[in-house]
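Peer 1: Structure incoming, see below.
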Amino acid sequence: MSFFKLRWVVTFLFSVTVSGCLEQNRDRPRLRLLCAAGMREPVSELINEFETETGVEVDVQFGGSGTLLAMMDQVEADLYLAADDGYIEEASRRGFVLSRHRVGFQSPVLAWNSAKKIDVTSLADWVRKSARSGMALPETSAIGKMTEEVLAVEGVCEEMQPCAHFVTVYELANAIQLGSVDSGIIWDNVAAQYKGVSVQELSELSGVVSAVEVAVLLSSSFPNSATDLAEFLSNDKIARDSFEAHGLWREEKP
């Protein structure tokens, strides 16, 4: 075989191989998940496991549940994981949701910097005694919305004057740990991730439960792969250890 003919054969085979690889990469799903900030650690672990097992890549955007819901008209996404199922209800009402999958449950707790404990016996007591409390914004985060609702029930919402507001529960938890604020209401599973942060389960908060859900969105370009991921995150055998290790309950407490 002449040199030129051999070079033509090699070039042809190379072009076929490259073309096949490009076609394969073009067809491979790449998912986008909008995820509540408080679920960052367990979800990141499970996403890595899902990518390894399936070869499907997942881009995750973390933020407050309210912030992510507000973005849904403007961004293309495949899934939405919210810290409270009320946001999934609202997304469904707006026509965004294809299917819903329960992930677990969490509750709000009063958290404080362990070096700066305040002696309180009730939410009203906390509101009146804590001069350096922080609060997550109700417009952007599930915990902020929950805090506002609980304070309203106790009749002390107007008295609440936090020294700082935060967009996400993680920002508030970080501020408590660093001592930027002395205390604030955060999710129990988020508090469990922080050293130097103590919690108190006040009676007014003991019966408050938030259901965490993930929704497959109608805008998904890969609904089958998105459903696989949603089922992976909500699968009791697969996800239980990871979520429970980070303080999320897999079953609602009686």
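Peer 1: Looking at the range 56-68, can you tell me whether even one residue there is part of a helix (DSSP H, G or I), without any contact (Cβ under 8 Å) to a residue 40 or more places away in the chain and under 12 Å from the mean Cα position of the chain (by Cα)?
Peer 2: If we filter the range 56-68 for residues that are part of a helix (DSSP H, G or I), which is where we start, we get 65-68.
Right, trim to without any contact (Cβ under 8 Å) to a residue 40 or more places away in the chain and you get 68.
Next cut, under 12 Å from the mean Cα position of the chain (by Cα) only: 68.
There is at least one residue in the range 56-68 that is part of a helix (DSSP H, G or I), without any contact (Cβ under 8 Å) to a residue 40 or more places away in the chain and under 12 Å from the mean Cα position of the chain (by Cα).
Peer 1: Please specify each residue of the range 101-146 satisfying the condition of being within 16 Å of the chain's Cα centre (by Cα) and part of a strand (DSSP E or B).
Peer 2: His101, Arg102, Val103, Gly104, Phe105, Gln106, Pro108, Ala136
Peer 1: Take the conditions touching an Asp or Glu at 6+ places or on another chain (Cβ under 6 Å) and either at pLDDT below 90 or not assigned by TED's automatic domain parsing to the domain that holds Gly179 (or both) and apply them to Asp85. Does it pass?
Peer 2: Working: touching an Asp or Glu at 6+ places or on another chain (Cβ under 6 Å): yes; either at pLDDT below 90 or not assigned by TED's automatic domain parsing to the domain that holds Gly179 (or both): yes.
It is true that Asp85 is touching an Asp or Glu at 6+ places or on another chain (Cβ under 6 Å) and either at pLDDT below 90 or not assigned by TED's automatic domain parsing to the domain that holds Gly179 (or both).
Peer 1: Looking only at the range 215-245, which residues are of a type in the set (A, V, I, L, M, F, W, C) and over 14 Å from the mean Cα position of the chain (by Cα)?
Peer 2: Step one: filter the range 215-245 for residues of a type in the set (A, V, I, L, M, F, W, C), giving 215-218, 222, 226, 229-230, 232-233, 238-239, 243, 245.
Matches in the range 215-245: Val216, Leu217, Leu218, Phe222, Ala226, Leu229, Phe232, Ile238, Ala239, Ala245.
Peer 1: Let me ask something else. For the range 127-151, enumerate the residues that are closer than 14 Å to Gly64 by Cβ and hydroxyl-bearing (Ser, Thr, Tyr).
Peer 2: So in the range 127-151, the residues closer than 14 Å to Gly64 by Cβ come out as 135-148.
Passing the criteria: Thr140, Ser141, Thr147.
Peer 1: Here are some residues: Ser141, Ser99, Ser130. Which one is more than 19 Å from Gly63 (Cα to Cα) and outside the structural domain of Gly63 (by TED's automatic domain parsing)? Please lay out each step first, then the result.
Peer 2: Values: Ser141 fails: more than 19 Å from Gly63 (Cα to Cα); Ser99 fails: outside the structural domain of Gly63 (by TED's automatic domain parsing).
Only one candidate passes the filter, namely Ser130.
Peer 1: Given the residues Leu98, Leu172, which is the only one that is closer than 30 Å to Leu217 by Cβ, more than 18 Å from the chain's Cα centre (by Cα) and touching a residue at least 24 places away in the same chain (Cβ under 8 Å)?
Peer 2: Leu98
Listed here are the residues, each with its yes/no results for (1) in contact with a Phe, Trp or Tyr (Cβ under 9 Å, 6 or more places away or on another chain); (2) at pLDDT below 95; (3) under 20 Å from Ser65 (Cα atoms).
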site: Val153; (1), (2), (3): no, yes, no
site: Glu171; (1), (2), (3): no, no, yes
site: Leu202; (1), (2), (3): yes, yes, no
site: Ser220; (1), (2), (3): no, no, yes
site: Asn235; (1), (2), (3): no, yes, no
site: Ala239; (1), (2), (3): yes, yes, no
site: Ala245; (1), (2), (3): no, yes, no
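Peer 1: How about the range 221-254: which of its residues are aliphatic (A, V, I, L, M) and crowded, with 19+ Cβ neighbours inside 10 Å?
Peer 2: Our first condition is that a residue be aliphatic (A, V, I, L, M); within the range 221-254, this holds for 226, 229-230, 233, 238-239, 245, 248.
Passing the criteria: Ala226, Leu229, Ala230, Leu233, Ala239, Leu248.
Peer 1: Among the residues that make up the range 167-183, is at least one of them surrounded by fewer than 23 Cβ atoms within 10 Å (Cβ to Cβ) and on the phi > 0 side of the Ramachandran plot?
Peer 2: yes
Peer 1: Of everything in the range 107-129, what is under 12 Å from Ile185 (Cα atoms) and without any contact (Cβ under 8 Å) to a residue 60 or more places away in the chain? Give them in sequence order.
Peer 2: Listed by number, the list holds a single entry, Val127.
Peer 1: Can I ask one more? What's the number of the only condition in (1) at pLDDT 95 or above; (2) surrounded by fewer than 20 Cβ atoms within 10 Å (Cβ to Cβ); (3) outside the structural domain of Glu89 (by TED's automatic domain parsing) that Gln161 fails to meet?
Peer 2: Here Gln161 clears every test but (1).
The values are calculated or read from the model by the stated rules, or taken from the named source; none is laboratory data. This structure is a prediction, so every number in the text was calculated from the model and none was measured. When we count neighbours, we look across all protein chains shown, and the Cβ atoms used for this are built from the backbone with ideal geometry, even at glycine.
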